[in-house]
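The values are calculated or read from the model by the stated rules, or taken from the named source; none is laboratory data. Computed from a prediction, not measured in an experiment: that's the story for all the values here. Note: ideal-geometry Cβ built from the backbone for every residue, glycine included; neighbour counts use all protein chains shown. Accessible surface areas use protein heavy atoms only, side chains included; no ligands, DNA or RNA. Shrake-Rupley method; radii C 1.70, N 1.55, O 1.52, S 1.80 Å.
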Amino acid sequence: MSSPEPSSLIRPLVKQLRPYVPGEQPKIRGLVKLNTNENPYPPSPKVLAAIREAVDGRMRLYPNPSADSVRAQLAKFHGCGMENLIAGNGSDELLALATRAFVEPGAPIQYLTPSYSLYPVLADIHGARRHPVPLKPDFSIPSLAELRSGGVFDFSAPLTFITTPNAPSGRGCSPDELRALCRAARGVVILDEAYVDFAAENAFSLSREMPNVLVARTFSKAYSLCFLRVGYMCGHPGLIEALHKIRDSYSVNGLGQVAAAATLRDLPYYRRNFKKIIAARERLSNELGSLGFQTFPSQTNFLLTRPPQFPARDWLAKLREKRVLVRWFSAPEVCDCLRITIGNDAEADALLRAARQILKAS
Ligand SMILES: *Cc1c(COP(=O)(O)O)cnc(C)c1O
């Protein structure tokens, strides 16, 4: 008997999958890395000390299965109960769990476009139907009346993802607008607030007001913990319990739990960094403007900007030649733009210097 061809052992759905493509994590040293919205500042010294202190023989033990110390502190911070909270191996894990908990295969998963490009991939993985709804040309969410008359938005979709503030546009959305949308939706709405700490407003309270709203947050971007993978969701205990039922037993690693708990004990350090990043964002936006870049207003730690002279894709390559890494997306609504993470002042200066050289050489 000949052995089976591996590809014949794989589900057709999986064989056809086109996986999510994360931003490059380059091995080359000395690159100015402004492509994946990481925080330019390290975790606080107290967080690093807490992690170091936890690195010993206890590594042989399983961590707390439901990240209780993190959830207890989050409950205090947000003024909710632990039963309203689930922690995950990054918020990405929780977004994936939500597709499995709330959506029958074949049913629609709705999201606004352009937004986080993981959502359609999650729909594909689950065998759900992609249901994109276009944002307006300025990347704002159509009003409820516009969504109703447009006929594209599916108010009965079992799951709708809304990135707020949005990525890659950087645009914020008022809690009142989101409230109206969530009230009108009959399925679960996930407000993905990965960048909310850089915004003027947040919609966290909607997860407490409405039984169908979950707010997703992460320690990755604002709290400088991408490496350790911790995110969480808040919402009605009924929904949260469903997510707990289907998660892995020990989904949040032990060092991640230690780091997240220590982070919540040292929030002033992070608030200072938010201020620095917001100030750097405004400066970079202005300076890019003086070079002819058209930059969209941002409530996040990145800028979406339309570069002058050359196609955005060429800018990506030209900047990389000058050792500056930014992000370009092929989606038609944003393919004439670059997404640039707000780095520290030195990184912003390196980017501006490279852009000036590129323009001068043209
Ligand atoms: C980065 C990002 C996430 C993922 O965060 P992790 O907690 O690192 O998994 C989720 N949503 C959006 C919109 C993001 O940009």
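Brief remarks follow.
- Lone unmet requirement of (1) within 16 Å of the ligand (Cβ to nearest atom); (2) of a type in the set (Ser, Thr, Tyr); (3) touching a Ser or Thr at 6+ places or on another chain (Cβ under 7 Å) for Thr99: (3)
- Subset of segment 182-203 that is assigned to a helix (DSSP H, G or I) and either in contact (Cβ under 8 Å) with a residue 40 or more places away in the chain or small (Gly, Ala, Ser) (or both) - its residue that is most open to solvent (accessible area, probe 1.4 Å): Asp197
- For segment 300-324, filtering for residues that are open to solvent by less than 50 Å² (accessible area, probe 1.4 Å), closer than 15 Å to Gly343 by Cβ and not aliphatic (A, V, I, L, M) leaves 4.
- Looking across Leu214, Leu225, Leu206, Leu239, one residue alone is away from the ligand (no atom under 16 Å from the Cβ) and open to solvent by less than 20 Å² (accessible area, probe 1.4 Å). It is Leu206.
- Considering segment 113-132, and only residues there that are part of a helix (DSSP H, G or I) and within 16 Å of the ligand (Cβ to nearest atom), the residue that is farthest from Phe302 (Cα to Cα) turns out to be Ile125.
- Any hit, segment 26-34, residues being more than 16 Å from the ligand (Cβ to nearest atom), in contact with a Phe, Trp or Tyr (Cβ under 8 Å, 6 or more places away or on another chain) and under 19 Å from Gly343 (Cα atoms): no
- Exactly one residue out of Gly90, Gly30, Gly57, Gly106 is in contact with a Lys or Arg (Cβ under 7 Å, 6 or more places away or on another chain) and free of Cβ contacts under 8 Å to residues at least 40 places away in the same chain, and it is Gly106.
- Of all residues making up segment 61-73, the number that are surrounded by fewer than 20 Cβ atoms within 10 Å (Cβ to Cβ) and within 16 Å of the ligand (Cβ to nearest atom): 0
- Boolean, Ser220 is at positive phi, part of a loop (DSSP other than H, G, I, E, B), within 12 Å of the ligand (Cβ to nearest atom) and under 19 Å from the mean Cα position of the chain (by Cα): no
- Checking segment 103-112 against the condition returns no match, with no residue being open to solvent by 10 Å² or more (accessible area, probe 1.4 Å), outside any strand (DSSP E or B) and within 16 Å of the ligand (Cβ to nearest atom).
- Within segment 240-266, the set of residues being within 20 Å of Ser69 (Cβ to Cβ), among the hydrophobic types (A, V, I, L, M, F, W, C) and more than 20 Å from the chain's Cα centre (by Cα) comprises Leu255, Val258, Ala261, Ala262.
- So Lys76, is it free of Cβ contacts under 8 Å to residues at least 12 places away in the same chain and more than 16 Å from the ligand (Cβ to nearest atom): yes
- Residue in segment 85-92 that is more than 21 Å from Leu225 (Cβ to Cβ) and open to solvent by 20 Å² or more (accessible area, probe 1.4 Å) present: no
- When residues of segment 144-181 are limited to those that are part of a loop (DSSP other than H, G, I, E, B) and among the β-branched types (Val, Ile, Thr), the one farthest from Leu118 (Cα to Cα): Val152
- Matching residues, segment 288-299, being in a helix (DSSP H, G or I) and open to solvent by 60 Å² or more (accessible area, probe 1.4 Å): Ser290
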